[in-house]
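Have a look at the structure that comes next, please.
The values are calculated or read from the model by the stated rules, or taken from the named source; none is laboratory data. All values derive from a computational prediction rather than experimental measurement. Backbone-built Cβ (ideal geometry, glycine too); neighbour counts: all protein chains shown. The area values use the complete protein model at the heavy-atom level, side chains included, leaving out ligands, DNA and RNA. Shrake-Rupley method; radii C 1.70, N 1.55, O 1.52, S 1.80 Å.
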Amino acid sequence: MKTGLVLEGGGLRGMFTSGVIDALLEADVRFDGMIGVSAGALFGCNFKSRQKGRALRYNIQLKKDPRYMGLRSLLKTGDIVGAEFSYHVVPFEIDVFDGDTFRNNPMDFWLVATDIMTGKPVYHQMQEFTHEELEWMRASASMPAVSRPVEIDGQVLLDGGMVDAIPLKAFQQKGYERNIVVLTQPAGYYKKKTKLAWIIKRLTKKYPLVGEIMAHRHEMYNRELEYITQQEKEGNTLLIYPDTPLNIGRTELNEKKMRSVHRQGYDIAQSMMQQIKDFVSFC
């Protein structure tokens, strides 16, 4: 029975996930595979490269760099997260990613993007940390209306969380039967319909499916919440989530908040560590 780690997105709420990852690295917990969506993929790759603390470190280092993330990047480049700088400079020159460890680690690494021409999720297994493969990472995390679509192999892609925010079922279908799912919202959370769907639709009129997807995204997300809750009751899924709503915005590079949210993830994972180890070793 293969074990998996499933990481949802949420922008800088993903600092909670990075805290969980750092606790898992410290305890040397291993999985057969991992799948991440958006920030879950961006921060989750550090689990495969075994780089404890990296996600928190570079986000703090770059919090005031206009090339990294924010309104200036959006106005200058069309991407709220600077595409060239964030994906092709930072991991090779500023906070160097351990591509060799990533490649040699036998754990499978998958990410999710959305094909905005078909409205379907695309699941990509990333095995190398190269310029070309990092475009898949960028696609998975490119938020609609504030990011340019990413074109790869004839597909036009945006954020995977648009159509498969918590890809537990998809990962089970790939053969990972016993999974730990890391959420960035507390227990009992249910997503409401966005009030910004009409704005997104207007800003993405070149790709009409985007607005339609975002208008119904809450329905998809809540169905997936119901599914993972049922899987938890059946005993093949373990959920890790914050105790309370995380006090940080999707693109809020506030150092105090980032450190606090990261600490929350680390502490909760630490408090569950024996349960986590027992769950994984059950196989």
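Considering only the stretch 177-205, state which residues are at pLDDT 90 or above and surrounded by fewer than 18 Cβ atoms within 10 Å (Cβ to Cβ).
GLU177, PRO186, ALA187, GLY188, TYR189, TYR190, LYS191, LYS192
A further question follows. Answer yes or no: is there a residue in the stretch 15-26 that is closer than 19 Å to ASP164 by Cα and crowded, with 23+ Cβ neighbours inside 10 Å.
Within the stretch 15-26, the subset closer than 19 Å to ASP164 by Cα is 17.
From what is left, the residues that are crowded, with 23+ Cβ neighbours inside 10 Å are 17.
The answer is yes, given that some residue of the stretch 15-26 is closer than 19 Å to ASP164 by Cα and crowded, with 23+ Cβ neighbours inside 10 Å.
When you go through GLY36, GLY70, GLY78 one by one, which is the residue that is closer than 21 Å to MET143 by Cα and under 15 Å from the mean Cα position of the chain (by Cα)?
It is GLY36.
Turning to a different aspect of this structure: Can you spot a residue in the stretch 243-264 that is assigned to a helix (DSSP H, G or I), closer than 14 Å to TYR189 by Cβ and open to solvent by 80 Å² or more (accessible area, probe 1.4 Å)?
no
Just to be sure I understand, how many residues within the stretch 136-163 are more than 15 Å from the chain's Cα centre (by Cα) and more than 18 Å from THR118 (Cβ to Cβ)?
Adding up the residues that qualify gives 4.
Now for a separate question. Check GLN231 against each of (1) touching a strand residue (DSSP E or B) at 6+ places or on another chain (Cβ under 9 Å); (2) modelled with pLDDT under 95 and name the one condition it does not meet.
Checking GLN231 against (1) touching a strand residue (DSSP E or B) at 6+ places or on another chain (Cβ under 9 Å); (2) modelled with pLDDT under 95, the one that fails is (2).
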